[in-house]
Amino acid sequence: MAETPAEATRVELLRRMERIRRFETRVGELFADNELPGFVHLYLGTEGVAAGTCEPLSEDDYITSTHRGHGHCIAKGLEFKPMVAELYGKETGYCGGKGGSMHIADVTQGMLGANGITASSTPIGGGAALASQIRGNDNVAVSYLGDGATAQGPYHEALHLAATWELPQIYVIENNHYGEMTNTEVQHPVTDLVKQADAYDLPGVIVNGQDVEEVREATVEAIERARNGGGPTVIEAKTYRYEGHYEGDPQWYKDDEDLPAWRTADPVENYRDELLDDGVLTEDEYGEITDEIDANLEEAVAFGRDSPYPDPEAAYEGVYAEEI
Amino acid sequence: MAETPAEATRVELLRRMERIRRFETRVGELFADNELPGFVHLYLGTEGVAAGTCEPLSEDDYITSTHRGHGHCIAKGLEFKPMVAELYGKETGYCGGKGGSMHIADVTQGMLGANGITASSTPIGGGAALASQIRGNDNVAVSYLGDGATAQGPYHEALHLAATWELPQIYVIENNHYGEMTNTEVQHPVTDLVKQADAYDLPGVIVNGQDVEEVREATVEAIERARNGGGPTVIEAKTYRYEGHYEGDPQWYKDDEDLPAWRTADPVENYRDELLDDGVLTEDEYGEITDEIDANLEEAVAFGRDSPYPDPEAAYEGVYAEEI
Amino acid sequence: MATTLTPQTTGETEEISVTEALQQAMHEEMGRDEDVFLQGIDVADRGGSFSVSEGLLDEFGPERVRDTPISEAAIVGTGLGAAAAGMRPIVEIMYSDFMGIAFDQIMNNVGLMRYMFGGKLDLPLTIRTVDGGGFSAAAQHSKTLHSLAMHLPGIRVVCVSTPYDAKGLLKSSIRHDDPVFFFEHANVFNRKGEVPVEEYTVPIGEAAVVREGSDVTVVATQAMLYEAFDAAEELAGEIDVEIISPRTLDPLDIDTIADSVDKTGRAVVVDEPTLSASAQSEMVAQINEEAFWRLDAPIKRLGVDNVPIPFSPPLEQEVIPDADDIVAEVRTLF
Amino acid sequence: MATTLTPQTTGETEEISVTEALQQAMHEEMGRDEDVFLQGIDVADRGGSFSVSEGLLDEFGPERVRDTPISEAAIVGTGLGAAAAGMRPIVEIMYSDFMGIAFDQIMNNVGLMRYMFGGKLDLPLTIRTVDGGGFSAAAQHSKTLHSLAMHLPGIRVVCVSTPYDAKGLLKSSIRHDDPVFFFEHANVFNRKGEVPVEEYTVPIGEAAVVREGSDVTVVATQAMLYEAFDAAEELAGEIDVEIISPRTLDPLDIDTIADSVDKTGRAVVVDEPTLSASAQSEMVAQINEEAFWRLDAPIKRLGVDNVPIPFSPPLEQEVIPDADDIVAEVRTLF
Ligand SMILES: Cc1ncc(C[n+]2csc(CCOP(=O)(O)OP(=O)(O)O)c2C)c(N)n1
Ligand SMILES: Cc1ncc(C[n+]2csc(CCOP(=O)(O)OP(=O)(O)O)c2C)c(N)n1
Ligand SMILES: [Mg+2]
Ligand SMILES: [Mg+2]
């Protein structure tokens, strides 16, 4: 049974989830209003995973992310303004408009990037962990990947290498039961994808991704192990994708019965209720938190909307550090 | 405990091992004499694996092989003459001199090729198995890979797909304790590489690769399972590489104590003694078998040596079926 | 004078999109030959990310229309193995950007296997994939990568622009006994055009002169073909542009291109890959070899100027060539 | 007049092989900067399949000299991640043929990450690998693949021929803040030459005129540089050959090449990749662009004529260009 974290931690977990929930909801609206170019993959329903895994990390720890990366960015401490601006493709975005939704990164905060190729960021996380190991410092790397992505070869190479070298890396499989429009069962021979940890003699943990404290506890343990030279851990969080694969996806392939059940297990609302019930938060305090988030968010939307597009010539800059 | 196969089968197992042993020994000599271009990776010490896995296959079953492929070729029924000619780079070789040691193939006998990229042939074997599945016929595919090769991403993708689709494919990991000059322990987090089968809920079997009957029995079971729609099996054969990674390898990295122990477990000599002891073979009969093999081999060497090189212009042929 | 992308045909035609043309091609070939099957991510239930395989699952069932895991090396590698075992597989790589995962299979097995095995083995594998930017999909979902396939021996490379070519060349690719890398293009799927109602194929290896002109030869592929048409219209009266659609890039029908340059004396090659060591470089090199003595000006090329594809619309528009760029480039030659 | 591959230097020099030059470069850079480390298959205990990392394990220990599993995607990807985290990794891909396994990492992450992230992130990653045929190693162990790297934006490409360049450019590559794909060549390791005893580097992006001549410019890389020298000697008295060693292929020092063609009016590009959409195509395209008006003949290129590398010695000799081929090709221009 999960040991209850300190009150401040619990509030922080809720705050991060609310930030993600509100951000993603707003992005969904902006997208529906044709305000955003390209496509977006929303993290709604899965907030407990990003919040629970990132909260115990320090700024010097690393994460690597996926095409569904907004939640990880927010949970790791990235700010709304440059995130929204990036979604708009504006100069003021984290990537100056060059990356967009699938490539938001802020290396100064240890966020080594969302990544549009499934599982392709897992070796990158391994490299950050390797840097820690060589330098003998305490930093760990958390690498997220989806259920579908576990089928990719480079993930196995990364996991195998991390296990062989006992790298301080934590793999977090977000099993949201779909890879694009295809059900998990169609794509995998097993239900519990964490079984792959066995192949490399790694600890593998299944957590309820809708329970942020359970996610956090498993992560804290994994971090502890990693920092003590115990090598990687694989955490599989069972969770659900409320939205389509991308916004606009008609979702005809989804099982009608699933969504209501998962909605009942909503990680954000239930946790809010829990904190209110436990007296950790009053309604007022909760209102203050969400008001601040919403205000921040609207500021960010205005910022993104009003920021200038990059100069077209900027397209030719930033490929290299050094012009030759 | 292994059920003893029929006498004819036992003789056949020995015959195939002897063919490999004698072929490889002779190739080692030819290489040392600078008769062969390029480099060769010999199968000496591992004969039990190829013989035990190929004997139960029919001509319509497929195998895919590795850079260390001579043993698989011979066990699957390929002939000495065009094999030796190929090693010489002659026109009369299986590949007309274009492939050499690492690419011997004879699709008419279900031998889909040696392959110089570690584990790269495993998806090809999966494809042959897929063809059987789609056509609804009985053919299975056996795919060999080394211990070192199990670290490669494409192997996992192949295994994962085969497991998901329950393809009639059998993976045979030849764990000879070295990947090039590096010890298995340095390259893997686990000793038993068959553990990877667990990740995909596949049966994984460890066999003593020096015991051809044990290898065969596991294969027969796996074939049975595959033909009955039970999907893939992973077999890990513990074995040993008597020679260097390639001929000429100084082998300073090898543990001095290992080789004598493995020599004592020699798959060919011990099995010969067993068959003699069991009265399955007389010394004379054994002599006839080996004489025939040796005669064949010397014929093949003469054939390879005396065959013409391909015309240089042949280099530009055979890239495509259809000239455009 | 052919000044239209619609083929000259005497029979009945219908207007369809490139997507529909590709659908028809697969339908017809799967109906014609039991050995043809399709596998890829979301190709069955969903009918493909670009709807190209819609309807196939219903018609041909799950044995022959297969949703795969996200495993491009396995998708291509098992396709190759099935081809070696006598099937005629079509495998889909959803975006050409994802070919990296399968690149070892493509480079070391698909392209080399026949040759390494002495030329004896038919490998009738079709790899379908999608090139192209323009949708703010950023650097990992917008590349045009057929140059990589062109560099690899043993693999034919097809790049289509029109419904007519899409259908006719996909059918030829499926029937072909060598591996064919068939590049669709995100910006071309919705283009419409006439195709014959009767069964037909377009041979691999033949370019088409799609607009005759006397002053300059513009060789343009995929979506660039439409940009070239717009440019030619813009230049009409000033410079008379001949446009060639290569359709197949490996082998490149250099004879048709060289004949045109023979007539015009000037050439601009327009294609969407980054320029360095690209399809464009190759076309320039071959034109230089075959038509040098007839050139009145350097051969020009347009493409993405060696930068990744950026996300932001104004940046992306900047880097992908369009009709204006072609007009400007053509004018530099006079 | 520089008619030798040995650099002009006033200081003391020593004669070493390319292998020794590469060893020295890594030794010196690892000694100079703690952030430099090396990983790859058999690079530590064995000292590398081509002995390039011999001695490094003893001197710098197993934390910084690492034998990896056979996992090229992980080798390159973790190298990249470590670079993003501030290290300065050198990763080895034993043969360039094996880059297929790592190609997604190379194409989609190594080359794109800085740009996608807005240009802010230094990625000082050096990928060392080995090109080249000539050893009957057949089609999967003999390719010359630097053209693929040239096609990818965000990655610098270095190809060396001499000990002087090998040492100076590997040192520069390791110090460089962008990813550098450093191609060694199987047929060049044993070549010897003078290098300064004093510390030096060779800048990325500068070609060298290694033999002056007035009649034709031959641009030659890797082992082909030596073939070009032999060809020039053979032609001496008949045709006066100027030889350029590009050394860096991305960026290509087209100015130096164009200046030479300006003088000679003729150019032959010699490199070992298969020709289609290759480094050679790119050099031809750029020479055409920059020196067209000075050309007295078509630009010629030599390489492997779009076939896999065969195993059998007479076949392999046939497909890989040599001095005789260069002589013949040069003569066609006069
Ligand atoms: C190599 C590669 N193949 C295919 C895709 C297309 N693709 C994007 S997301 C996705 C599904 C990923 O599923 P999962 O890993 O479960 O993540 P989720 O979207 O559910 O968060 C696919 C197939 C890709 N981005 N990269
Ligand atoms: C992708 C790739 N990386 C590296 C190599 C070089 N290589 C050839 S054989 C080998 C070792 C293979 O070890 P293992 O799989 O155990 O087979 P064994 O040689 O022991 O039979 C290596 C690393 C290769 N051929 N392909
Ligand atoms: Mg998922
Ligand atoms: Mg081994």
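Quick rundown of the values:
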{"quantity": "Residues of the range B:144-157 satisfying the condition of being in contact with a helix residue (DSSP H, G or I) (Cβ under 8 Å, 6 or more places away or on another chain) and within 16 Å of ligand 4 (Cβ to nearest atom)", "calculated": "B:Tyr144, B:Leu145, B:Asp147, B:Gly148, B:Ala149, B:Thr150, B:Ala151, B:Gln152, B:Tyr155"}
{"quantity": "Lone qualifier among D:Ala21, D:Ala44 - being in contact with a Lys or Arg (Cβ under 8 Å, 6 or more places away or on another chain) and touching a residue at least 24 places away in the same chain (Cβ under 8 Å)", "calculated": "D:Ala21"}
{"quantity": "Any hit, the range A:108-130, residues being over 23 Å from A:Leu161 (Cα atoms) and not aromatic (Phe, Trp, Tyr)", "calculated": "yes"}
{"quantity": "Residue ranges of helices (runs of 4 or more DSSP H) in the range B:173-290 with at least 3 members out of contact with any Gly (no Cβ under 8 Å at 6 or more places or on another chain) and either of a type outside the set (Lys, Arg) or at pLDDT 95 or above (or both)", "calculated": "B:212-227, B:258-264, B:267-277"}
{"quantity": "Unique match (being surrounded by fewer than 24 Cβ atoms within 10 Å (Cβ to Cβ) and either away from ligand 2 (no atom under 16 Å from the Cβ) or closer than 26 Å to A:Asp278 by Cβ (or both)) among A:Phe31, A:Phe23", "calculated": "A:Phe31"}
{"quantity": "Residues being touching a residue at least 60 places away in the same chain (Cβ under 8 Å) and in contact with a helix residue (DSSP H, G or I) (Cβ under 6 Å, 6 or more places away or on another chain) - total across the range A:126-143", "calculated": "7"}
{"quantity": "Single residue of the range B:140-149 satisfying the filter (at the interface with another protein chain (Cβ under 8 Å from one of its Cβ atoms) and in contact with a Pro (Cβ under 9 Å, 6 or more places away or on another chain)) that is farthest from ligand 2 (Cβ to nearest atom)", "calculated": "B:Ala141"}
{"quantity": "Residues within the range A:37-90 that are within 14 Å of ligand 1 (Cβ to nearest atom), at pLDDT 95 or above and in a loop (DSSP other than H, G, I, E, B), tallied", "calculated": "13"}
{"quantity": "Residue in the range A:208-215 that is closer than 28 Å to C:Gln39 by Cα, within 16 Å of ligand 3 (Cβ to nearest atom) and crowded, with 24+ Cβ neighbours inside 10 Å present", "calculated": "no"}
{"quantity": "Close pairs from the range B:173-188: first charged (D, E, K, R), partner within 8 Å of ligand 4 (Cβ to nearest atom) and in a strand (DSSP E or B), Cβ under 7 Å, at least 6 apart", "calculated": "B:Glu174/B:Gly146"}
{"quantity": "Filter result for the condition that a residue is within 15 Å of ligand 3 (Cβ to nearest atom), more than 17 Å from A:Thr64 (Cα to Cα), surrounded by fewer than 22 Cβ atoms within 10 Å (Cβ to Cβ) and hydrophobic (A, V, I, L, M, F, W, C), over A:Val186, A:Val205, A:Val194", "calculated": "A:Val186"}
{"quantity": "Extreme residue, nearest to ligand 2 (Cβ to nearest atom), among residues of the range A:150-170 that are without any contact (Cβ under 8 Å) to a residue 60 or more places away in the chain and of a type in the set (Gly, Ala, Ser)", "calculated": "A:Gly153"}
{"quantity": "Residues within the range A:42-72 that are surrounded by fewer than 24 Cβ atoms within 10 Å (Cβ to Cβ) and farther than 25 Å from A:Ala129 by Cα, tallied", "calculated": "1"}
{"quantity": "Lone qualifier among B:Glu79, B:Glu47, B:Glu91 - being closer than 25 Å to B:Glu213 by Cα and touching a Pro at 6+ places or on another chain (Cβ under 7 Å)", "calculated": "B:Glu47"}
{"quantity": "Filter pass, B:Ile173 being within 16 Å of ligand 2 (Cβ to nearest atom) and within 12 Å of chain C (Cβ to nearest Cβ)", "calculated": "no"}
{"quantity": "Within the range A:249-269, considering residues that are within 14 Å of chain C (Cβ to nearest Cβ) and surrounded by 13 or more Cβ atoms within 10 Å (Cβ to Cβ), the one nearest to C:Ala44 (Cα to Cα)", "calculated": "A:Tyr253"}
{"quantity": "When residues of the range B:91-102 are limited to those that are more than 7 Å from chain D (Cβ to nearest Cβ) and touching a residue at least 12 places away in the same chain (Cβ under 8 Å), the one surrounded by the fewest Cβ atoms within 10 Å (Cβ to Cβ)", "calculated": "B:Thr92"}
{"quantity": "Residue among C:Gly86, C:Gly61, C:Gly55 that is surrounded by fewer than 24 Cβ atoms within 10 Å (Cβ to Cβ), of a type outside the set (Lys, Arg) and under 30 Å from D:Ala137 (Cα atoms)", "calculated": "C:Gly86"}
{"quantity": "Hey, B:Ala114 small (Gly, Ala, Ser) and within 16 Å of ligand 2 (Cβ to nearest atom) or not", "calculated": "yes"}
{"quantity": "Residue satisfying condition, being in the same structural domain as C:Asp35 (by TED's automatic domain parsing) and within 16 Å of ligand 2 (Cβ to nearest atom), within set C:Met94, C:Met116, C:Met99", "calculated": "C:Met116"}
{"quantity": "Top-ranked residue of the range A:144-172 - restricted to ones that are part of a helix (DSSP H, G or I), among the hydroxyl-bearing types (Ser, Thr, Tyr) and under 27 Å from D:Glu63 (Cβ atoms), ranked as farthest from ligand 3 (Cβ to nearest atom)", "calculated": "A:Thr164"}
{"quantity": "Condition broken by B:Glu213, with the remaining ones in (1) away from ligand 4 (no atom under 11 Å from the Cβ); (2) facing chain A (nearest Cβ under 9 Å); (3) not aliphatic (A, V, I, L, M) satisfied", "calculated": "(2)"}
{"quantity": "Number of positions in the range A:150-170 that are more than 7 Å from every other protein chain (Cβ to nearest Cβ) and either more than 20 Å from the chain's Cα centre (by Cα) or within 14 Å of ligand 1 (Cβ to nearest atom) (or both)", "calculated": "6"}
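Listed here are the residues, each with its yes/no results for (1) under 20 Å from A:Pro310 (Cβ atoms); (2) touching a Phe, Trp or Tyr at 6+ places or on another chain (Cβ under 6 Å); (3) away from ligand 4 (no atom under 16 Å from the Cβ).
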site	(1), (2), (3)
A:Glu59	no, no, yes
A:Thr64	no, no, yes
A:Ala75	no, no, yes
A:Glu86	yes, yes, yes
A:Ser101	yes, no, yes
A:Ala119	no, yes, yes
A:Ala131	no, no, yes
A:Asp138	no, no, yes
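So that you can scan it fast, the table gives a plain yes or no per residue for (1) closer than 29 Å to A:Val11 by Cβ; (2) out of contact with any strand residue (DSSP E or B) (no Cβ under 9 Å at 6 or more places or on another chain):
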| site | (1), (2) |
| --- | --- |
| A:Leu193 | no, no |
| A:Val205 | yes, no |
| A:Arg225 | yes, no |
| A:Tyr253 | no, no |
| A:Leu259 | yes, yes |
| A:Arg263 | yes, yes |
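To keep it simple, each residue is scored yes or no on (1) modelled with pLDDT of 95 or more; (2) farther than 29 Å from D:Asp35 by Cα; (3) within 14 Å of another protein chain (Cβ to nearest Cβ).
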{"residue": "D:Thr162", "(1), (2), (3)": "yes, no, no"}
{"residue": "D:Lys167", "(1), (2), (3)": "yes, no, no"}
{"residue": "D:Lys171", "(1), (2), (3)": "yes, no, no"}
{"residue": "D:Phe181", "(1), (2), (3)": "yes, no, yes"}
{"residue": "D:Asn187", "(1), (2), (3)": "yes, yes, no"}
{"residue": "D:Lys192", "(1), (2), (3)": "yes, yes, no"}
{"residue": "D:Val197", "(1), (2), (3)": "yes, no, no"}
{"residue": "D:Tyr200", "(1), (2), (3)": "yes, no, no"}
{"residue": "D:Glu206", "(1), (2), (3)": "yes, no, yes"}
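The values are calculated or read from the model by the stated rules, or taken from the named source; none is laboratory data. These numbers come from a predicted model, not from an experiment. With ideal geometry, Cβ positions are generated from the backbone for all residues, glycine too; neighbour counts draw on all protein chains shown.
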